[in-house]
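A quick write-up on the structure given underneath.
The values are calculated or read from the model by the stated rules, or taken from the named source; none is laboratory data. Quantities reported herein were computed from a predicted structural model and do not represent experimental measurements. With ideal geometry, Cβ positions are generated from the backbone for all residues, glycine too; neighbour counts draw on all protein chains shown.
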Amino acid sequence: MSRTQIEQWVKKAVWSQPVSDPHTHTCPPVFGASPNPEGLLLWGVDELVTYHYLIAEVFRAVPATKLPYEQYWAMSKTEQADHIWKHLFVERTPIGEACRGVLTALERLGLDPNEKSLTKYRKWFAKQTPDKYIDKVMQIANVDLITMTNPVFDDQERGIWERQPKAGGDPRFAAVLRIDPLLRDWPGACANLSSWGYEARPDFSGKTVDEVRRFLVHWLDKMRAVYVATSLPPEFRYPDPRNPAGDRFIRECLMPVLAEKGKPWAMMIGARLRVNPGLREGGDATGIADVMSVINLCHDFPRSKFMVTMLARENQHELAAAGRKFGNLLPFGCWWFLNNPSLVEEITRMRLELLGTMFVPQHADARVLDQLIYKWEHSRRVIAKVLVDKYVDLTLSGYTVTAKHVQRDVALLLRDNYREFLGR
């Protein structure tokens, strides 16, 4: 079988296969939409250009010694976007991945990415409506399911679910129950639970275990959540003698509920929050996590399922090796600082070599709806490139690769592995 034939099969399969995206931060219009400052659905050119990746980048071009952080944050959204566009897209070549992504999204939407100002883009986006625009983006990106992130301890998010009976009713989106404070700040989380009518105490006395389980079940059912998610620091350990409350929460509350409900726990490990507070969300960094803690969880709770992504490049090989040992572990995505083509290629190639097709190569992690366009286009190109090489390697071993093999494998990687792990 020639490389040219394999390339044709892979190209056709990768670009035609709809993606079920396992992790984003976007949501349907019922959650409110930008430019409403209270809206959780972010979309449009000003949101694209003021994404926190680009905020961090523009402060390298115009450092805080020239434009203090507080002065930048005092600007309007349009002023911030104009500032970033000028310094990253006009006065410099937008060669970085975050900049290139904006240009890809604009071009695929039918707009000229070479404009010197944002005026024409703003006029075009002003003619769109959020609901129809979601359909447009999903069609361009060829995405059939967008998985949300729904932090129940966020007052605004929780309020929407309590006020809007149809918050989880949009078939284009799947909800995820995110519960970070229960592991990051157990005493504070207990105080919140108590204020919401749950008898939860920091020392686990009384009805705490039953009440925390009741809370988890209530919100899993209310959201119809497909999994529970937590973002954890590099220092996360299980077991952790320094954090007995965290261990008890995992053992006595979270794991029994997830086993009962058949839901995975998605763990995103390795973010160091606000190392530069002046950048706000753009000020987070990365650190090396502990894969042994994931191994311990997979071993101790064989009836539970774990979706795991880690932020540090240094963790990727060990995590993939752990995936060979535990069928209840699904490595997924190239998260955040790893979502650059060179690293996506390296990680995808390594995972294919260690795990075959039994992983999820990417998630968009999109905070702005339009990012689905570029994150999946750029990732598809890399995934296709790696798959071609791997199929050619197979032919050199005497194996006959067919178009059916390619179609099946691509469907697993881009949709079916995730859906099957959820039990959908």
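Report every pair of residues separated by at least 6 positions or lying on different chains whose Cβ atoms are under 8 Å apart, first residue within segment 212-236 and touching a residue at least 24 places away in the same chain (Cβ under 8 Å) and among the β-branched types (Val, Ile, Thr), second surrounded by fewer than 16 Cβ atoms within 10 Å (Cβ to Cβ) and in a loop (DSSP other than H, G, I, E, B). Filtered contacts from segment 212-236: Val226/Arg424.
Residues that are touching an Asp or Glu at 6+ places or on another chain (Cβ under 6 Å), surrounded by 23 or more Cβ atoms within 10 Å (Cβ to Cβ), over 26 Å from Ile6 (Cβ atoms) and at pLDDT 95 or above: does segment 320-334 have at least one? Checked against the condition, which is being touching an Asp or Glu at 6+ places or on another chain (Cβ under 6 Å), surrounded by 23 or more Cβ atoms within 10 Å (Cβ to Cβ), over 26 Å from Ile6 (Cβ atoms) and at pLDDT 95 or above, segment 320-334 yields no hits at all.
Restricting to segment 181-222, give me the number of residues that are among the hydroxyl-bearing types (Ser, Thr, Tyr), more than 21 Å from Asn150 (Cβ to Cβ) and out of contact with any Lys or Arg (no Cβ under 6 Å at 6 or more places or on another chain). Reasoning before the result, please.
Within segment 181-222, the first condition is being among the hydroxyl-bearing types (Ser, Thr, Tyr), and the residues that meet it are 194-195, 198, 205, 208.
Filter once more, keeping what is more than 21 Å from Asn150 (Cβ to Cβ): 194, 205, 208.
From what's left, out of contact with any Lys or Arg (no Cβ under 6 Å at 6 or more places or on another chain): 194, 205.
Final tally of qualifying residues: 2.
Do any helices (runs of 4 or more DSSP H) entirely within segment 319-424 hold 2 or more residues that are under 14 Å from the mean Cα position of the chain (by Cα) and under 28 Å from Glu107 (Cα atoms), and if so, which?
371-396
Is it fair to say Ile140 is touching a helix residue (DSSP H, G or I) at 6+ places or on another chain (Cβ under 6 Å) and over 14 Å from Tyr227 (Cβ atoms)? It is true that Ile140 is touching a helix residue (DSSP H, G or I) at 6+ places or on another chain (Cβ under 6 Å) and over 14 Å from Tyr227 (Cβ atoms). Cβ separations smaller than 9 Å between residues 6+ apart or across chains give the following pairs from segment 158-185 residues that are in a helix (DSSP H, G or I) to residues that are surrounded by 13 or more Cβ atoms within 10 Å (Cβ to Cβ) and hydroxyl-bearing (Ser, Thr, Tyr): Leu182/Thr230; Leu183/Thr230; Arg184/Thr230; Arg184/Ser231. All conditions in (1) within 26 Å of Asn340 (Cα to Cα); (2) within 26 Å of the chain's Cα centre (by Cα) hold for Leu118, with the sole exception of (2). Considering segment 271-319, and only residues there that are of a type in the set (D, E, K, R) and closer than 12 Å to Leu232 by Cβ, the residue that is surrounded by the fewest Cβ atoms within 10 Å (Cβ to Cβ) turns out to be Arg272. One residue stands out among those in segment 79-110 that are touching a residue at least 12 places away in the same chain (Cβ under 8 Å) and among the basic types (Lys, Arg): the one that is farthest from Lys132 (Cα to Cα), which is Arg92.
Regarding segment 343-359, can at least one residue be identified that is over 25 Å from His317 (Cα atoms) and not basic (Lys, Arg)? No, segment 343-359 contains no residue that is over 25 Å from His317 (Cα atoms) and not basic (Lys, Arg).
Asp154 meets all of the listed conditions (1) within 13 Å of Leu40 (Cβ to Cβ); (2) touching a Cys at 6+ places or on another chain (Cβ under 7 Å) but one, namely (2). Among the residues of segment 195-224, the ones that are of a type in the set (Ser, Thr, Tyr) and loosely packed, with under 14 Cβ neighbours inside 10 Å come to 2 in all.
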